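Engineer: Handing you a structure now.
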Amino acid sequence: MRRPYAPRCKVCSATGAASICCSIAPAPTAPCAPPSSIWPALHALDAALPLFNAQRAGHIALVSSVAGFGGLPQALAYGPTKAALINLAETLYLDLHPLGIGVHVINPGFVETPLTAQNTFAMPALITPEQAAAAILAGLEAGRFDIHFPRRFTLWLKLLRLLPRELYFRIGSRFTGL
C-alpha cells in the first residue's frame, strides 16, 4: 500500500549560483563550480532513492543543459557541472531502470530567465519558460530519458559531438566568435 504523501518524482536543478531541489528539505547552497554544483542532485537522490527502491517505482529527473553536451567557450564552471549531471543520469538509468524507477535528463537550450538575461552573447533558438515547461512535460509523459529542446538547436549540438575533436573546436570557435 502506497502512502499518500510518498513522493513519486524528484526534480533537481543546479542553475547558475542558485541550487534548487524540489520535494526535499533544501540542500546547502553550493558555489557554482564543479563538482560542488552537483551536490544538490546528490542530496535529492540520497533522500529519494531509499523510498523509490522500497516502492520499486518513481521517477528522477535531473535538469542539466545542452552546455553539458561538449566543451563551450566561457563555460568553465557551468559546462562541466552540466556534463557531470548528464553522466550521473546515464549511470542512474542503467542502475535503476531495471528496478522500475524512471530516470530522465532534461537538457534545455536557451530559456528566457533572469540568468540568461545577463548573457552578453547571442542565444540561438531562445524560448520562453512556458515553451520549456511544455517540452519538459511532453518528454516526461512520453517516458523519454533524454529530454532536450528546442530541437531545432539541440539536434545540431548533438550532431557536432559526432565530429572529430579538431573539427568540433573549429566549428565551435567560428560560430561563437570566440
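Engineer: Using a 1.4 angstrom probe with every protein chain in place, what is the largest-first accessible-area order of Ile136, Ile106?
Structural biologist: The ranking, largest first, comes out as Ile136, Ile106.
Engineer: Same structure again: In square angstrom, what is the accessible area per residue of the range 30-130 with a 1.4 angstrom probe?
Structural biologist: Roughly 48 Å² per residue, with all protein chains present.
Engineer: For His59, enumerate residues with amide H under 5 Å from its amide H, sequence gap 5+ or separate chain, H modeled in the peptide plane.
Structural biologist: Here the answer is Cys9, Lys10, Gly102, since their amide H atoms fall under 5 Å of that of His59.
Engineer: I'd like to compare 125-133, 159-167: which one has the highest average count of other Cβ atoms within 10 Å, and what's the full order after that?
Structural biologist: Packing order, densest peptide first, comes out as 125-133, 159-167.
Engineer: Expressed as a fraction of 2.2 N^0.38 Å, the rule-of-thumb size for a compact globular protein of N residues, what is the C-alpha radius of gyration of the range 88-170? Provide the component values of the computation, followed by the final result.
Structural biologist: Working: Rg = 15.2 Å, N = 83, 2.2 N^0.38 = 11.8 Å.
This ratio for the range 88-170 stands at 1.29.
Engineer: Ok, one more. Where Lys and Arg each count +1 and Asp and Glu each count -1, what net charge lies around Tyr93 among other residues with Cβ under 13 Å from its Cβ? Provide the component values of the computation, followed by the final result.
Structural biologist: Numbers: positive: Arg144; negative: Glu90, Asp95, Asp146.
Charge balance in the 13 Å sphere: -2.
Engineer: Another one. I'd like the Karplus ³J(HN,Hα) series for the range 138-146: coefficients 6.51, -1.76, 1.60, θ = phi - 60°, whole numbers in Hz, and an x wherever there's a Gly or Pro.
Structural biologist: 4, x, 5, 5, 7, x, 6, 6, 9
Engineer: Another one. Calculate the all-directions average of the projected area of the range 29-134's alpha-carbon convex hull, and give it in nm².
Structural biologist: Details: hull surface 30.0 nm².
Answer in nm², one decimal: 7.5.
Engineer: With N set to the number of residues, divide the alpha-carbon radius of gyration of the range 128-178 by 2.2 N^0.38 Å and report two decimals. Show your work: numbers first, answer last.
Structural biologist: Numbers: Rg = 14.2 Å, N = 51, 2.2 N^0.38 = 9.8 Å.
Expressed relative to 2.2 N^0.38 Å, the Cα Rg reads 1.45.
Engineer: Separate question: Read phi for every residue in the range 148-165 and hand back ³J(HN,Hα) as whole Hz from Karplus 6.51 cos²θ - 1.76 cosθ + 1.60, θ = phi - 60°, with x for Gly and Pro.
Structural biologist: With the stated coefficients, the range 148-165 comes to 10, 6, x, 4, 4, 9, 5, 5, 5, 5, 5, 5, 4, 5, 7, 7, x, 3 Hz.
The values are calculated or read from the model by the stated rules, or taken from the named source; none is laboratory data. Since we're looking at a predicted model, the values are computed, not measured. Counting neighbours? That spans all protein chains shown, and the Cβs are built from the backbone with ideal geometry, glycine included. Protein only, heavy atoms only, side chains kept; ligands, DNA and RNA dropped before computing areas. Shrake-Rupley method; radii C 1.70, N 1.55, O 1.52, S 1.80 Å.
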